[in-house]
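The values are calculated or read from the model by the stated rules, or taken from the named source; none is laboratory data. Just so it is clear, the structure is predicted and the values come from calculations on it, not from any experiment. Accessible surface is based on the protein model in full, side chains and every heavy atom, while ligands, DNA and RNA are left aside. Shrake-Rupley method; radii C 1.70, N 1.55, O 1.52, S 1.80 Å.
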Amino acid sequence: MAAEEGVLAEFLDLLTPENRQWFESRPEAEQREVATRHLEAVQGDKEHALGAYDTHDTDVSGVAVGDLQDPAHVANAMVRQERERRP
């Protein structure tokens, strides 16, 4: 459980204040799911972990320009897309 909390805390630290505020208002299970998917992407399983996210398309509203080498860009793109899906 402590490892999961660490993953979530690290993910939250990557977010902009606006994204963090919205994300922290979501159910804990949802937060853990997104944070875990982000960790998988950062550790190398980008195709599987980011399948539901478009981190490259700059024409899509709310999507960060996806530099997959920058965990903060990926984290914020993921949260912005979650916000669009789950108002």
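General observations
- Per-residue SASA entry for residue 70, accessible area with 1.4 Å probe, Å² rounded to 10: 50 Å²
- Extension gain for residue 26-residue 72 works out to 14.6 nm (0.36 nm per residue, less the C-alpha to C-alpha distance).
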